[in-house]
Every structure is written in C-alpha cells, then in structure tokens.
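S.K.: My questions will all concern the structure given below.
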Amino acid sequence: MALLQELTVEGLRDLGDEHFAVAGATAVLATRRAVAADVARLRALADRLAVSEDAIASRRADSRFQIEIAVCSQSARLTRAEVNIQAELAAMVWLPRLGLDPAVEAATHHRLVDAIEAGDEAAARSLAEE
C-alpha cells in the first residue's frame, strides 16, 4: 500500500502502459518462438497459480508466469523489462483489497498458454494485455 500511495496517477498509468506494451510484445514473440518444453513450463506455472492459497503465493506464481512468458519470447531486453515491471507492479496487483481470484487468473493464463501453443498471435496479445 505504501508504494501505491507514493505513486502519482500519471506514474501508475505509465507503469501500466509499460506493462501493457511489454506483455503484449512478449506474448506475440512467444507464439513465434516457444517450443513444447516452454509450453509445458507455462502450463505448470498456471497450475501453480490455480492452487495458490494466499496473496503472497499468488503474487509469486503470477509474477513467475509473466516473467516466463518473456523468457519464451527469447528477447533478453524484454525479459529484463518484464522482471523490472514485476518488481514494481506485482505487490500492488495482488493487494488483498483488490480481491483477485487465483483460479480465475489461472484460467486466463491457461487460455494464454493455449494461444501461444496454437500460434495465435492476436489472441495471445489480447490475453496478455488484458
């Protein structure tokens, strides 16, 4: 909460804009470059989020999934950008007051993995940006 309170509206919007751009780009590149082992890792990470039992475990599982999408893009720069974004954003996204449901988020992650596996760039981008 303290970090969130320190950000201006413009700063928070800018962080969201950066995440939007990086998440969409890494998802598209992952559809082009991911191999079967990458898809299996992504599914396992989505499963981990689905069974997470508290906000900290959920945050870690979600953050790791986001970073792994970037890893699957095979872009070192975009992966570094995603790691930095997760360091700033993850704690705020999973604040208990926001009431995110890990099972619902995991279902979205599974749809994203399906799109990556199918090579559906438009769906992957849309789901990642969502």
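The values are calculated or read from the model by the stated rules, or taken from the named source; none is laboratory data. Since this is a predicted model, take the numbers as computed values, not measurements. Cβ: placed from backbone, ideal geometry, glycine included. Neighbour counts: every protein chain shown. Areas reflect the complete protein model, heavy atoms only, side chains present, ligands, DNA and RNA absent. Shrake-Rupley method; radii C 1.70, N 1.55, O 1.52, S 1.80 Å.
S.K.: Output the residue which, of all residues in the stretch 60-82 that are aliphatic (A, V, I, L, M) and in contact with a helix residue (DSSP H, G or I) (Cβ under 6 Å, 6 or more places away or on another chain), is most open to solvent (accessible area, probe 1.4 Å).
M.R.: Of everything passing the filter in the stretch 60-82, Val71 is most open to solvent (accessible area, probe 1.4 Å).
S.K.: Are any of the residues in the stretch 94-104 part of a loop (DSSP other than H, G, I, E, B), open to solvent by less than 50 Å² (accessible area, probe 1.4 Å) and either within 18 Å of Leu45 (Cα to Cα) or of a type in the set (A, V, I, L, M) (or both)?
M.R.: yes
S.K.: Residues in the stretch 17-45 that are assigned to a helix (DSSP H, G or I) and either free of Cβ contacts under 8 Å to residues at least 12 places away in the same chain or of a type in the set (D, E, K, R) (or both): how many?
M.R.: 12
S.K.: Moving to a separate point now. Restricting the search to the stretch 36-59, which residues are closer than 19 Å to Glu82 by Cβ and either loosely packed, with under 11 Cβ neighbours inside 10 Å or touching a Gly at 6+ places or on another chain (Cβ under 8 Å) (or both)?
M.R.: Once the filter is applied, which keeps residues that are closer than 19 Å to Glu82 by Cβ and either loosely packed, with under 11 Cβ neighbours inside 10 Å or touching a Gly at 6+ places or on another chain (Cβ under 8 Å) (or both), the stretch 36-59 yields nothing.
S.K.: Can you confirm whether the stretch 113-128 contains a residue that is within 16 Å of Leu12 (Cα to Cα), without any contact (Cβ under 8 Å) to a residue 40 or more places away in the chain and either among the small types (Gly, Ala, Ser) or not in a helix (DSSP H, G or I) (or both)?
M.R.: Within the stretch 113-128, not a single residue is within 16 Å of Leu12 (Cα to Cα), without any contact (Cβ under 8 Å) to a residue 40 or more places away in the chain and either among the small types (Gly, Ala, Ser) or not in a helix (DSSP H, G or I) (or both).
S.K.: Please identify the pairs in which a residue from the stretch 62-76 that is over 12 Å from Leu29 (Cα atoms) has its Cβ atom under 8 Å from the Cβ atom of a residue that is not in a helix (DSSP H, G or I), counting only partners at least 6 apart or on another chain.
M.R.: Listed by first residue and then by second, the contacts come to Asp62/Trp94.
S.K.: Next question. Within the stretch 30-65, which residues are of a type in the set (Asp, Glu) and modelled with pLDDT of 95 or more?
M.R.: Asp38, Asp47
S.K.: Considering the stretch 50-82 alone, what residues qualify as being more than 14 Å from Glu105 (Cα to Cα) and either in a loop (DSSP other than H, G, I, E, B) or more than 11 Å from the chain's Cα centre (by Cα) (or both)?
M.R.: Correct list: Ile56, Val71, Cys72, Ser73, Gln74, Ser75, Ala76, Arg77, Leu78, Thr79, Arg80, Ala81.
S.K.: Scanning for something open to solvent by 50 Å² or more (accessible area, probe 1.4 Å) and closer than 16 Å to Arg32 by Cβ, does the stretch 106-116 turn up at least one residue?
M.R.: There is at least one residue in the stretch 106-116 that is open to solvent by 50 Å² or more (accessible area, probe 1.4 Å) and closer than 16 Å to Arg32 by Cβ.
S.K.: Within the stretch 1-35, restricting attention to residues that are open to solvent by 70 Å² or more (accessible area, probe 1.4 Å) and not charged (D, E, K, R), which residue is nearest to Gly119 (Cα to Cα)?
M.R.: If we take residues in the stretch 1-35 being open to solvent by 70 Å² or more (accessible area, probe 1.4 Å) and not charged (D, E, K, R), then Val35 is nearest to Gly119 (Cα to Cα).
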